Amino acid sequence: MPVTALHHFTIRCAPHELPPLLDFYTRVMRLTVGARPEIPAPGAWLYADGQPIVHLYAHLSTPDEPVEPVTGHVDHISFRAHGLAEMRAHLRAHGVAFAEAPIPGWAIHQLFLHDPRGLKIEMTFWMDQEDRQGGKGGTA
């Protein structure tokens, strides 16, 4: 049986990092807080199009299990998005710096930014006529 999609990713953080991460992913990335099972640690499940795609998990560290990342080397997480010009304006309005990367020969345009913990976020826009319009420039 083949893998068919990425279901979600989890960002583990210290409890004091949860509020700024929750703010970033809801205000800047426009995800919505949704239903979450009763898990003993603080956190949130963030939804896009009715699907829980980002899980925030505030790890309650102990001496035996510190909060430090232990799961490897993720370079970035990519979200599919639409409305490139609107997203540029939205990021600028929230003071979020970003870089742009059109993909030569493909109808794809990418924006790169970072969340409050430094995780690189890619936003991938499949370009249609509406998205091909609008100015570029990526610093807030």
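Just so you know, in segment 12-42 the residues that are at pLDDT 90 or above and assigned to a strand (DSSP E or B) include one that is farthest from LEU119 (Cα to Cα), and it is GLY34. Identify all residues within segment 11-34 that are in contact with a Phe, Trp or Tyr (Cβ under 9 Å, 6 or more places away or on another chain) and more than 25 Å from HIS82 (Cβ to Cβ); write none if there are none. Across segment 11-34, the qualifying residues are ARG12, CYS13, LEU18.
Condition test on ASP49, is it among the acidic types (Asp, Glu), modelled with pLDDT of 90 or more and in the same structural domain as HIS8 (by TED's automatic domain parsing)? Here the answer is yes, as ASP49 does meet what is asked. Across segment 72-90, the qualifying residues are those that are among the aliphatic types (A, V, I, L, M) and within 15 Å of THR124 (Cβ to Cβ), and the one among them that is surrounded by the most Cβ atoms within 10 Å (Cβ to Cβ) is LEU84. Looking only at residues of segment 59-88 that are modelled with pLDDT under 90 and either among the charged types (D, E, K, R) or part of a strand (DSSP E or B) (or both), we find that the one that is farthest from GLU38 (Cα to Cα) is ASP75. Of all residues in segment 103-128, those satisfying the criterion of being of a type outside the set (A, V, I, L, M, F, W, C) and either loosely packed, with under 13 Cβ neighbours inside 10 Å or part of a loop (DSSP other than H, G, I, E, B) (or both) are PRO104, GLY105, ASP115, PRO116, ARG117, GLY118, ASP128.
The values are calculated or read from the model by the stated rules, or taken from the named source; none is laboratory data. Just so we're clear, the structure is a prediction, and the values are computed from it rather than from any experiment. Note that we place each Cβ from the backbone using ideal geometry, even for glycine, and neighbour counts take in every protein chain shown.
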